[in-house]
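Values in this text are rule-based calculations from the coordinates and carry no lab data. Just so you know, these numbers come straight off a predicted model, no measurement behind them. With ideal geometry, Cβ positions are generated from the backbone for all residues, glycine too; neighbour counts draw on all protein chains shown.
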């Protein structure tokens, strides 16, 4: 039985080998041609700008803190504009600040007058004290009044400078 199987396998192998080596070609199936659309090449201008969906993110986040509080009269920029450090962005109503400057100026003038008067009194007291015409207490009182007037003048000038900065 085994010999029969081996002979059968051998015979089939020889038949397959001989049919595979035949010179006759199998008829080819002809496919119909595929339809193709054509286009003529022509010269034309292309747009230089394109639109793409995107999300922009700034390199820097900016916190705007006003130096003064008040009513905004004018906004000097539009959303998305580039701004520089120190650029004025808003104009605030200035009437209140002008009044503050005027008030501080008046206080500075009063402090200056008080200082000049205290300075004259101190110079007189100094001359009288050197001649022993007034007591130590009166001299010390005159000196303290002079120093207080000097400090008040310095404070009034600083307040005037601050009011001008706010303006």
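Quick notes
- Residue check for residue 148: within 30 Å of residue 61 (Cα to Cα), in contact (Cβ under 8 Å) with a residue 24 or more places away in the chain, within 48 Å of the chain's Cα centre (by Cα) and part of a helix (DSSP H, G or I): no
- Residue 134, sole failed condition from (1) closer than 16 Å to residue 154 by Cα; (2) more than 52 Å from the chain's Cα centre (by Cα): (1)
- Within the option set 70, 80, 86, being touching a strand residue (DSSP E or B) at 6+ places or on another chain (Cβ under 8 Å) and assigned to a loop (DSSP other than H, G, I, E, B) holds for one residue only, 70.
- Test result for residue 155, in a helix (DSSP H, G or I) and either touching a helix residue (DSSP H, G or I) at 6+ places or on another chain (Cβ under 8 Å) or closer than 30 Å to residue 57 by Cβ (or both): yes
Listed here are the residues, each with its yes/no results for (1) under 25 Å from residue 150 (Cα atoms); (2) touching a residue at least 12 places away in the same chain (Cβ under 8 Å).
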site: 50; (1), (2): no, no
site: 60; (1), (2): no, no
site: 78; (1), (2): no, no
site: 82; (1), (2): no, no
site: 89; (1), (2): no, yes
site: 94; (1), (2): no, yes
site: 101; (1), (2): yes, yes
site: 122; (1), (2): yes, yes
